Amino acid sequence: MKNTTDLYVYFIFVSVIITCITLDFYYGNTDLLIPFLISTITTFLITYLGIPKLKEIKIKQIIRKEGPKNHLVKEGTPTMGGIFIIPIGIIIGNIININKEGYMIIITLSLLTIVFMLIGLIDDYVSLKRKTNTGLSPTEKIILQVFMSLIFIFICLFNEWITQDILITNKIINLQYLIFPLSLFVLLAESNSTNLTDGLDGLLSGCSVLIFTGFTIHLVLDNQSIQTTLARFCIAMAGTCMGFLFLNKNPAKIFMGDSGSLAIGACLGGIGLLSNSLWTLLIMGGIFAAESISVICQVSIFKVTKKIKGQGYRLFLMTPMHHHFELQGHNEKKIVGNFWLVTFCLIILSLICTIKS
């Protein structure tokens, strides 16, 4: 099983390289391969060198006792890996786009991503200080996310970077003022979905590599200079997730933490809004959506049945959904591999829809 996991990781790596070479050769002005390789190598080296430092200052994962018992062996693994991967992806994504059309969009997207990384960092720090698996309260986290998201949305709408005409497949829907709540929902939903998905070794980092790459292809196919600028930023983020995946795959040498998971979700949500690709985001990020829906259904059904019958009913053994499969007896590596495969298939499906429309 170990060899199979390694094979999956190297397959993802080689697939992204082939994708970059193909797009660079066919379109000529995309410049994707170099930022991907630089981002991957830089992230791997800095994270590898940072792991001993995190151990020295005791930045270690705390496992919740009510979770799957096989996770207890992960207690003490360094966490907060997001502080390595997010800045690297952003720096390289900005360098490759300097003086390119739409560079101010990249700066604004970078600030959104950094701010969500800081929210996650605060959450991680509070969790470590309290020596529990929970940091900020849900209310505190949501307030911070809403405030920062609104600033991003207002800046984008003021500069007309986000349009009120939402494209779904080949249909245009004018939302008018509903674009405000929709944009806010997208950023909150995506950042918290990726946060929920980050529960197994390599699960989020692997899915993120695939989705950022899928978005890169989608944006390049759109064949607009501004979209190509976003595509270069996407591939830099794909690279930083790839470099981290080499160390985050099972058995993980380091965890991402909320500093990474919240930032990745906000970044993907921002890209979806700026490129008017919300339908693409929904399909490619189907695993993220399923993880969130499993939690929502579990909580809702439990509360309703408890109120009606006096005893709560659980739809899943445990949520998010990946824990349900664990408690059913499935191997963690197999679950992660299957989730990667589903994400890969969803990306292919989304790209087919893009080409046809």
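See the values below:
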read-out: Value of Rg to Rh for the chain (Rh from inverse mean 1/r over Cα pairs, i.e. Kirkwood); value: 0.96
read-out: Length-normalised contact order of the chain in % [C-alpha pairs under 8 Å, at least 6 apart]; value: 25
read-out: Cα centroid of segment 206-278 to Cα centroid of segment 167-198, whole Å; value: 17
read-out: C-alpha center-to-center spacing [segment 298-354, segment 7-42] in angstrom; value: 31
read-out: Which of Val115, Val209, Val16, Val299 has the fewest Cβ neighbours within 10 Å, and the rest in rising order; value: Val299, Val115, Val16, Val209
read-out: Sequence-distant lysines (8 or more away, or on other chains) whose Cα lies within less than 21 Å of Lys53; value: Lys74, Lys129, Lys131, Lys249, Lys253
read-out: Among Leu121, Leu282, Leu182: highest mean-square fluctuation, GNM of the chain, C-alpha pairs under 10 Å; value: Leu182
read-out: Selected from Leu221, Leu273, Leu281 as most flexible by GNM, with the chain as the system and alpha-carbon contacts under 10 Å; value: Leu221
read-out: Gaussian network model of the chain, springs between alpha carbon atoms under 10 Å - residue of Ser137, Ser294, Ser208 with greatest fluctuation; value: Ser137
read-out: Under the span-like rule (Cα at least 20 Å along the axis, Kyte-Doolittle mean at least -0.5), DSSP H helices of the chain; value: 2-27, 33-56, 103-130, 138-158, 179-197, 203-222, 225-248, 258-274, 286-309, 332-356
read-out: Fewest-first ranking of Met318, Met242, using other Cβ atoms within 10 Å as the exposure measure; value: Met318, Met242
read-out: Residue exposure sequence - Ile59, Ile308 - by fewest surrounding Cβ within 10 Å; value: Ile308, Ile59
read-out: GluC sites (Glu not before Pro) within segment 80-172: DSSP coil, no more than 14 neighbouring Cβ in 10 Å; value: Glu101, Glu160
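Any read-out appearing in this document is the output of simple, stated calculations on the displayed coordinates, not a laboratory observation. Quantities reported herein were computed from a predicted structural model and do not represent experimental measurements. Positions of Cβ are backbone-derived with ideal geometry, glycine not excepted, and every protein chain shown enters the neighbour counts.
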